[in-house]
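The values are calculated or read from the model by the stated rules, or taken from the named source; none is laboratory data. All of these numbers come straight from a predicted model, not from anything done at the bench. Don't worry about glycine lacking a Cβ; one is built from the backbone with ideal geometry, like all the others, and counts go over all protein chains shown.
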Amino acid sequence: MDIPVVIDAKKGKEAAKLLYNSFSTTGIHGKTEMPEDLIPAGIKKGSIEHIIFLTLTVAIDYQRDAPSLWESSRKTFNDPKTNYLFNPKLLSEASFEKVANDMQKYKLSKKPDKDARIWQTIGTTFYKKWRGNPINFLENCRWDALNILKCLETDSHLYNEEIVPDYPYLRGPKIGPLWLRMLKDNAGITLLRNLDKVPIPVDIHVARATLAIGIVRGSVKTKLDKLFEYIRKAWFESVKGLNIRNRQMIALDLDEPLWHLSKYGCSKRDKTTNSCPVFNKCEMKELCIKGKIYINNNIVDLET
Ligand code: SF4
């Protein structure tokens, strides 16, 4: 069903430039660091350990506070008793009960059984299919971002006579693109191709910021995730023809700035007056839109 909203790609271009320039200089709301940016002690950026840390942690980055998730993951990594959770071989050999138990030590799991199942399944897949190294998987996909997303979505195995996905949650429409963005930005993997065709990973923050600066507008009350496809399309269209640092801008470049804009700004917008307490200091205030943007329990009430 079509939702009565419009995409303003002209304004989106202006916003994309401003978001990118602010985030790569002074920051958005003064911040330039993402929760996943801090690397656990003793590992090198882009090493297999780092890539596994990013891969397993991002897989359970759903419906929870990202800064506390990444903090819990670093603590779990740094504790010699729980560090095995980041070793695909040891992880696959451990009992499910032990994994579920140890993931609770630093509150790494929020939903103990579900998160442990996701974590151990993905770790076991990388151990059994890719010799414990996600790079082998990327290479097998010829470093093609679209192929990687397709394999994440479709690859599966038999477990207790049931077909089970190889990459639960990592294969999702938000987390798959988010993983690719982290492999590029955090692990520094430069071989990935076709990243320009990867949609922006839309979560509540990216959605809220996109609505607050009026790149998607309308009068509608609907489930928030019904707007996600419009938000993905809006940023694909907005970055077309824009260049940064001698390369084409891609929608993924705007994930971090939009996340910051909402996390430290738009999410504080008053529910009744729609005024924003950080308006005067906001890097995007010239583009901020008046009107109602009320999001609660995955329902958005929009009058913009
Ligand atoms: S002024 Fe507030 S609501 Fe508007 S874009 Fe900035 S942070 Fe978001």
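Brief remarks on what is shown
- Selection count where residues are more than 9 Å from the ligand (Cβ to nearest atom) and either touching a strand residue (DSSP E or B) at 6+ places or on another chain (Cβ under 9 Å) or in a strand (DSSP E or B) (or both), scope segment 260-271: 3
- Residue match in segment 197-206 (condition: part of a helix (DSSP H, G or I), more than 27 Å from Asp115 (Cβ to Cβ) and not acidic (Asp, Glu)): yes
- In segment 125-141, the count of residues that are modelled with pLDDT under 95, of a type in the set (A, V, I, L, M, F, W, C), surrounded by fewer than 18 Cβ atoms within 10 Å (Cβ to Cβ) and more than 16 Å from the ligand (Cβ to nearest atom) is zero.
Yes/no per residue for (1) without any contact (Cβ under 8 Å) to a residue 24 or more places away in the chain; (2) on the phi > 0 side of the Ramachandran plot; (3) crowded, with 17+ Cβ neighbours inside 10 Å; (4) away from the ligand (no atom under 16 Å from the Cβ):
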position	(1), (2), (3), (4)
Leu180	no, no, yes, yes
Thr190	yes, no, no, yes
His205	no, no, yes, no
Ala209	no, no, yes, no
Ile231	no, no, yes, no
Ala234	no, no, yes, no
Val239	no, no, yes, yes
Ile244	no, no, no, yes
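- Scan of segment 142-163 for residues that are in contact with a helix residue (DSSP H, G or I) (Cβ under 7 Å, 6 or more places away or on another chain) and either among the β-branched types (Val, Ile, Thr) or buried (at least 19 other Cβ atoms within 10 Å of the Cβ) (or both), ordered by number: Ala145, Ile148, Leu149, Leu152
- Of the residues in segment 212-220, at least one is assigned to a helix (DSSP H, G or I), at pLDDT 95 or above and more than 21 Å from Phe137 (Cα to Cα).
- Tabulated pairs, segment 102-116, first within 17 Å of Pro67 (Cα to Cα), second crowded, with 18+ Cβ neighbours inside 10 Å and acidic (Asp, Glu), C-beta under 6 angstrom, 6+ apart or interchain: Ser109/Asp115
- Subset of segment 246-255 (residues that are touching a residue at least 12 places away in the same chain (Cβ under 8 Å) and away from the ligand (no atom under 15 Å from the Cβ)): Gln248, Met249, Ile250, Ala251, Leu252, Asp253, Asp255
- Boolean, Lys81 is more than 23 Å from Asp166 (Cβ to Cβ), assigned to a loop (DSSP other than H, G, I, E, B) and of a type in the set (Lys, Arg): yes
- Filtered residues of segment 49-68 (kept if out of contact with any helix residue (DSSP H, G or I) (no Cβ under 7 Å at 6 or more places or on another chain), under 19 Å from Ala187 (Cα atoms) and at pLDDT 95 or above): His50
- Residues in segment 91-100 that are surrounded by fewer than 15 Cβ atoms within 10 Å (Cβ to Cβ) and either in contact with a helix residue (DSSP H, G or I) (Cβ under 7 Å, 6 or more places away or on another chain) or on the phi > 0 side of the Ramachandran plot (or both): Phe96 alone.
- Scanning segment 1-51 for residues that are in a helix (DSSP H, G or I) and free of Cβ contacts under 8 Å to residues at least 12 places away in the same chain, we see that the one that is farthest from the ligand (Cβ to nearest atom) is Lys10.
- Top-ranked residue of segment 279-304 - restricted to ones that are surrounded by 14 or more Cβ atoms within 10 Å (Cβ to Cβ) and near the ligand (Cβ under 10 Å from one of its atoms), ranked as nearest to Leu227 (Cα to Cα): Ile293
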